[in-house]
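Novice: Structure incoming, see below.
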Amino acid sequence: MRGKSRYIIGLGNYARDDDSIGLRVVEQIVERGLDKDFTAVEVGNNGITLLTYFNDETERILVVDCACMGKTPGDYLIFSPDDVASKKTVGNISTHEGDILKLIELGKQLGDPIPEIKLLAIEPESLGMDMKLSDTLASRLDEYVDAAVCEIESGPDESKGNI
(Lines give C-alpha, C1' and ligand atoms only; values in the text may rest on other atoms or scores of the structure.)
Protein backbone atom coordinates (compact mmCIF):
# COMPACT_ATOMS: atom_id res chain seq x y z
CA MET A 1 0.00 0.00 0.00
CA ARG A 2 1.12 3.57 -0.64
CA GLY A 3 2.09 6.15 1.95
CA LYS A 4 -1.39 7.61 2.34
CA SER A 5 -4.62 5.66 2.58
CA ARG A 6 -7.49 5.49 0.12
CA TYR A 7 -11.01 4.47 1.14
CA ILE A 8 -14.22 3.39 -0.52
CA ILE A 9 -16.98 4.09 1.98
CA GLY A 10 -20.42 2.55 1.49
CA LEU A 11 -23.46 4.30 2.93
CA GLY A 12 -27.01 3.02 3.12
CA ASN A 13 -29.56 0.86 4.85
CA TYR A 14 -29.99 -2.87 4.10
CA ALA A 15 -33.70 -2.68 5.04
CA ARG A 16 -34.57 -0.10 2.34
CA ASP A 17 -34.16 -1.86 -1.02
CA ASP A 18 -31.83 0.17 -3.26
CA ASP A 19 -30.70 2.37 -0.35
CA SER A 20 -28.36 -0.54 0.41
CA ILE A 21 -26.41 -0.19 -2.87
CA GLY A 22 -23.39 1.52 -1.25
CA LEU A 23 -23.14 -1.25 1.32
CA ARG A 24 -23.50 -3.97 -1.31
CA VAL A 25 -20.79 -2.45 -3.51
CA VAL A 26 -18.37 -2.47 -0.56
CA GLU A 27 -19.46 -6.01 0.35
CA GLN A 28 -18.64 -7.23 -3.18
CA ILE A 29 -15.28 -5.45 -3.24
CA VAL A 30 -14.26 -7.17 0.00
CA GLU A 31 -15.66 -10.60 -1.01
CA ARG A 32 -13.76 -10.48 -4.31
CA GLY A 33 -10.52 -9.33 -2.67
CA LEU A 34 -10.36 -6.19 -4.81
CA ASP A 35 -9.31 -4.01 -1.87
CA LYS A 36 -5.55 -4.51 -2.21
CA ASP A 37 -4.49 -0.85 -2.58
CA PHE A 38 -7.33 0.73 -0.61
CA THR A 39 -9.70 -0.06 2.25
CA ALA A 40 -13.42 -0.68 1.68
CA VAL A 41 -15.63 0.25 4.64
CA GLU A 42 -19.38 -0.05 5.31
CA VAL A 43 -20.68 2.72 7.57
CA GLY A 44 -24.41 2.18 7.05
CA ASN A 45 -26.42 5.27 7.95
CA ASN A 46 -23.73 6.58 10.29
CA GLY A 47 -22.31 9.18 7.90
CA ILE A 48 -20.69 11.08 10.79
CA THR A 49 -18.10 8.27 10.76
CA LEU A 50 -16.74 9.95 7.63
CA LEU A 51 -15.09 12.55 9.91
CA THR A 52 -12.71 9.89 11.25
CA TYR A 53 -11.16 9.66 7.77
CA PHE A 54 -10.41 13.41 7.61
CA ASN A 55 -6.76 13.26 8.64
CA ASP A 56 -3.24 13.62 7.28
CA GLU A 57 -3.05 9.89 6.53
CA THR A 58 -5.97 9.89 4.06
CA GLU A 59 -5.28 10.64 0.40
CA ARG A 60 -8.68 9.97 -1.21
CA ILE A 61 -12.20 8.91 -0.30
CA LEU A 62 -14.90 7.58 -2.61
CA VAL A 63 -18.36 7.51 -1.01
CA VAL A 64 -20.85 5.11 -2.66
CA ASP A 65 -24.55 5.66 -2.07
CA CYS A 66 -27.92 5.84 -3.76
CA ALA A 67 -29.17 9.32 -4.67
CA CYS A 68 -32.45 10.53 -6.14
CA MET A 69 -31.15 12.70 -8.99
CA GLY A 70 -33.98 12.44 -11.50
CA LYS A 71 -31.99 10.02 -13.67
CA THR A 72 -33.08 6.66 -15.04
CA PRO A 73 -32.99 4.04 -12.24
CA GLY A 74 -29.60 2.34 -12.24
CA ASP A 75 -27.75 5.28 -13.82
CA TYR A 76 -24.86 6.71 -11.83
CA LEU A 77 -22.59 9.72 -11.60
CA ILE A 78 -19.14 10.17 -10.11
CA PHE A 79 -18.55 13.72 -8.95
CA SER A 80 -16.84 15.92 -6.40
CA PRO A 81 -18.83 17.56 -3.58
CA ASP A 82 -17.57 20.86 -5.01
CA ASP A 83 -19.58 20.14 -8.17
CA VAL A 84 -22.78 20.04 -6.12
CA ALA A 85 -21.96 22.90 -3.79
CA SER A 86 -20.74 25.43 -6.33
CA LYS A 87 -21.87 24.44 -9.81
CA LYS A 88 -25.04 22.46 -9.07
CA THR A 89 -24.12 20.18 -11.97
CA VAL A 90 -25.81 17.06 -10.65
CA GLY A 91 -29.19 18.51 -9.81
CA ASN A 92 -31.35 17.40 -6.92
CA ILE A 93 -29.30 15.04 -4.81
CA SER A 94 -30.98 13.44 -1.83
CA THR A 95 -30.33 10.88 0.91
CA HIS A 96 -26.85 11.02 2.42
CA GLU A 97 -25.10 13.35 -0.04
CA GLY A 98 -26.51 16.51 1.56
CA ASP A 99 -25.19 15.27 4.88
CA ILE A 100 -21.77 14.68 3.32
CA LEU A 101 -21.56 18.33 2.30
CA LYS A 102 -22.39 19.34 5.88
CA LEU A 103 -19.84 16.87 7.25
CA ILE A 104 -17.11 18.26 4.99
CA GLU A 105 -17.95 21.77 6.20
CA LEU A 106 -17.89 20.55 9.82
CA GLY A 107 -14.50 18.95 9.22
CA LYS A 108 -13.18 22.25 7.86
CA GLN A 109 -14.54 24.13 10.88
CA LEU A 110 -12.83 21.63 13.18
CA GLY A 111 -9.56 22.21 11.32
CA ASP A 112 -9.43 18.68 9.93
CA PRO A 113 -7.45 18.17 6.72
CA ILE A 114 -10.01 17.36 4.02
CA PRO A 115 -8.74 14.73 1.55
CA GLU A 116 -9.89 14.48 -2.05
CA ILE A 117 -13.48 13.24 -1.90
CA LYS A 118 -15.62 11.87 -4.72
CA LEU A 119 -19.14 10.46 -4.65
CA LEU A 120 -20.46 7.58 -6.71
CA ALA A 121 -24.20 8.26 -6.66
CA ILE A 122 -26.57 5.62 -8.04
CA GLU A 123 -30.19 6.40 -8.97
CA PRO A 124 -32.48 4.01 -7.03
CA GLU A 125 -35.53 2.28 -8.47
CA SER A 126 -37.09 1.34 -5.14
CA LEU A 127 -36.70 2.62 -1.58
CA GLY A 128 -39.33 0.33 -0.08
CA MET A 129 -38.98 -1.72 3.06
CA ASP A 130 -37.38 -4.87 1.68
CA MET A 131 -33.95 -6.40 2.19
CA LYS A 132 -33.02 -6.77 -1.48
CA LEU A 133 -31.92 -4.65 -4.40
CA SER A 134 -34.29 -3.99 -7.28
CA ASP A 135 -33.59 -6.14 -10.34
CA THR A 136 -32.37 -3.00 -12.14
CA LEU A 137 -29.60 -2.26 -9.64
CA ALA A 138 -28.82 -5.93 -8.93
CA SER A 139 -28.16 -6.52 -12.64
CA ARG A 140 -25.61 -3.67 -12.68
CA LEU A 141 -23.84 -4.40 -9.38
CA ASP A 142 -20.65 -5.59 -11.12
CA GLU A 143 -20.59 -2.36 -13.13
CA TYR A 144 -20.82 -0.25 -9.95
CA VAL A 145 -18.05 -2.29 -8.30
CA ASP A 146 -15.80 -1.81 -11.33
CA ALA A 147 -16.54 1.93 -11.46
CA ALA A 148 -15.76 2.34 -7.75
CA VAL A 149 -12.48 0.41 -7.93
CA CYS A 150 -11.40 2.24 -11.10
CA GLU A 151 -12.17 5.63 -9.53
CA ILE A 152 -10.34 5.03 -6.24
CA GLU A 153 -7.30 3.57 -8.01
CA SER A 154 -7.01 6.42 -10.53
CA GLY A 155 -4.87 9.40 -9.65
CA PRO A 156 -6.46 12.84 -9.16
CA ASP A 157 -5.64 13.80 -12.76
CA GLU A 158 -6.91 10.49 -14.14
CA SER A 159 -10.42 10.70 -12.71
CA LYS A 160 -13.21 10.14 -15.19
CA GLY A 161 -15.57 12.60 -13.50
CA ASN A 162 -19.19 12.08 -14.45
CA ILE A 163 -20.19 8.74 -15.93
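The values are calculated or read from the model by the stated rules, or taken from the named source; none is laboratory data. Given the structure is predicted, the values throughout are model-derived calculations rather than measurements. Don't worry about glycine lacking a Cβ; one is built from the backbone with ideal geometry, like all the others, and counts go over all protein chains shown.
Novice: Using beta carbons and a limit of 9 Å, which pairs, at least six apart or on different chains, have the first residue in region 51-65 and free of Cβ contacts under 8 Å to residues at least 12 places away in the same chain and closer than 13 Å to Val41 by Cβ and the second one part of a strand (DSSP E or B) and among the β-branched types (Val, Ile, Thr)?
Specialist: Hits for this filter: zero, empty list.
Novice: Any chance region 90-98 includes a residue that's of a type outside the set (Asp, Glu), modelled with pLDDT of 95 or more and in contact with a strand residue (DSSP E or B) (Cβ under 8 Å, 6 or more places away or on another chain)?
Specialist: No - not one qualifying residue is present in region 90-98.
Novice: All but one of (1) farther than 26 Å from Asp135 by Cα; (2) modelled with pLDDT of 95 or more; (3) surrounded by fewer than 17 Cβ atoms within 10 Å (Cβ to Cβ) hold for Met1, so report the exception by its number.
Specialist: (2)
Novice: Within region 5-75, which strands (runs of 3 or more DSSP E) (wholly inside it) include 3 or more residues that are within 10 Å of the chain's Cα centre (by Cα) and under 23 Å from Pro124 (Cβ atoms)?
Specialist: Per the criteria, 5-11, 58-66.
Novice: Which number in (1) farther than 25 Å from Glu105 by Cβ; (2) touching a Gly at 6+ places or on another chain (Cβ under 7 Å) marks the one condition that Asn13 misses?
Specialist: (1)
Novice: Being assigned to a helix (DSSP H, G or I) and surrounded by fewer than 21 Cβ atoms within 10 Å (Cβ to Cβ) is the filter here, so list the residues in region 117-141 that pass it.
Specialist: Matches in region 117-141: Asp135, Thr136, Ala138, Leu141.
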